[in-house]
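Novice: Questions regarding the structure given below will be posed in turn.
The values are calculated or read from the model by the stated rules, or taken from the named source; none is laboratory data. Computed from a predicted model, the values in this text were never measured in an experiment. Backbone-built Cβ (ideal geometry, glycine too); neighbour counts: all protein chains shown. Heads up: the accessible areas ignore ligands, DNA and RNA and are worked out on the full protein's heavy atoms, side chains in. Shrake-Rupley method; radii C 1.70, N 1.55, O 1.52, S 1.80 Å.
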Amino acid sequence: MTRFVLIFLAILISLFTLEMLVPVQEHVIVPFTALLAKLSAAIILPFDDTVLAYGKVLQFRDTGFAVSIEAGCNGVEATIVLIAAVVAFPASWKARALAIGLGFIAIQVLNIARIISLFYLGNWNMDFFSWIHLYLWPALIMLDVLIVFIVYLRYLTNSEGMETAEAVSG
């Protein structure tokens, strides 16, 4: 357990440090965040043609209300926590890569739902927007990370059990 915690913390600190570097922000994080705004708008547009996205901003044309997807709201930090946990836990690199890839998708699907819901909540009622933005959604995103990690651990337990059973019977 101590080994896991030390490796987890080392990876977490390293990845958060890497994320904060200006070239990483400029060439990875900001373009990725802009992509989230465009994806959110693309999902909304078939149902509401008053939405537009530019940069990291999602905006209603008619009311002018807009949200800007900032650091901490793009799912990158949640993904970093997942990567640190998955890499710190002993397993094959194939299993780790699968967990990170599927976990990234799970985090981003929920994060896009978060962005869209907050976009509509903010246009409707800023008090609800603020509370849900600051308290509910961050907890749900981190719960998503925890669930993905638990599912990953279950997968490892089941696949190890299958390998042991095959070795014993073979």
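Novice: When the range 18-60 is examined, which residues are found to be among the β-branched types (Val, Ile, Thr), more than 13 Å from Val76 (Cβ to Cβ) and outside any loop (DSSP other than H, G, I, E, B)? Show your work before the answer.
Specialist: Filtering the range 18-60 for residues among the β-branched types (Val, Ile, Thr) gives 22, 24, 28-30, 33, 43-44, 50-51, 57.
Filter again for more than 13 Å from Val76 (Cβ to Cβ), leaving 22, 43-44, 50-51, 57.
Correct list: Val22, Ile43, Ile44, Val51, Val57.
Novice: Polar (S, T, N, Q) and in a helix (DSSP H, G or I), is that true of Asn123?
Specialist: Numbers: polar (S, T, N, Q): yes; in a helix (DSSP H, G or I): yes.
So Asn123 passes the test.
Novice: Tell me yes or no: at least one residue of the range 139-154 is under 27 Å from Leu45 (Cβ atoms), modelled with pLDDT of 95 or more, open to solvent by 50 Å² or more (accessible area, probe 1.4 Å) and under 21 Å from the mean Cα position of the chain (by Cα).
Specialist: Filtering the range 139-154 for residues under 27 Å from Leu45 (Cβ atoms) gives 140-141, 144.
Pick out the ones that are also modelled with pLDDT of 95 or more and you get 140-141, 144.
Subsequent filtering for residues that are open to solvent by 50 Å² or more (accessible area, probe 1.4 Å) retains 140.
From the residues that got through so far, the ones that are under 21 Å from the mean Cα position of the chain (by Cα) too are 140.
Checked the range 139-154: at least one residue is under 27 Å from Leu45 (Cβ atoms), modelled with pLDDT of 95 or more, open to solvent by 50 Å² or more (accessible area, probe 1.4 Å) and under 21 Å from the mean Cα position of the chain (by Cα).
Novice: Sticking with this one: Are there any pairs with C-beta distances below 9 angstrom linking a residue in the range 11-22 that is open to solvent by less than 80 Å² (accessible area, probe 1.4 Å) to a residue that is outside any helix (DSSP H, G or I), with the two at least 6 apart or on different chains, and if so which?
Specialist: Pairs that qualify, where the first residue is open to solvent by less than 80 Å² (accessible area, probe 1.4 Å) and the partner is outside any helix (DSSP H, G or I), are Glu19/Ala71.
Novice: Answer yes or no: is there a residue in the range 75-96 that is free of Cβ contacts under 8 Å to residues at least 12 places away in the same chain and surrounded by 12 or more Cβ atoms within 10 Å (Cβ to Cβ).
Specialist: yes
Novice: Considering only the range 139-149, I want to know if a residue exists there that is over 22 Å from Phe4 (Cα atoms) and either without any contact (Cβ under 8 Å) to a residue 40 or more places away in the chain or among the small types (Gly, Ala, Ser) (or both). Give the steps one after another, and end with the answer.
Specialist: Applying the first criterion (over 22 Å from Phe4 (Cα atoms)) to the range 139-149 yields 139-141.
With the extra rule that they be either without any contact (Cβ under 8 Å) to a residue 40 or more places away in the chain or among the small types (Gly, Ala, Ser) (or both), the set shrinks to 139-140.
Scanning the range 139-149, I find at least one residue that is over 22 Å from Phe4 (Cα atoms) and either without any contact (Cβ under 8 Å) to a residue 40 or more places away in the chain or among the small types (Gly, Ala, Ser) (or both), so the answer is yes.
Novice: Pairs needed: first member in the range 43-70, farther than 26 Å from Gln25 by Cβ; second member anywhere, aromatic (Phe, Trp, Tyr); C-beta distance under 6 Å; at least 6 residues apart or different chains.
Specialist: Cβ pairs passing all conditions: Thr50/Phe60.
Novice: Hey, any hits in the range 84-107 for a residue that's within 18 Å of Asp144 (Cβ to Cβ) and assigned to a loop (DSSP other than H, G, I, E, B)?
Specialist: Yes: one or more hits.
Novice: Moving on. Take the residues of the range 34-64 that are more than 15 Å from Ile115 (Cα to Cα) and in contact with an Asp or Glu (Cβ under 9 Å, 6 or more places away or on another chain): which is most open to solvent (accessible area, probe 1.4 Å)?
Specialist: By that ranking, first place goes to Arg61.
Novice: At pLDDT 95 or above, part of a helix (DSSP H, G or I) and in contact with a His (Cβ under 9 Å, 6 or more places away or on another chain): is that true of Leu118 in this structure?
Specialist: Working: at pLDDT 95 or above: yes; part of a helix (DSSP H, G or I): yes; in contact with a His (Cβ under 9 Å, 6 or more places away or on another chain): yes.
For Leu118, the condition - at pLDDT 95 or above, part of a helix (DSSP H, G or I) and in contact with a His (Cβ under 9 Å, 6 or more places away or on another chain) - is met.
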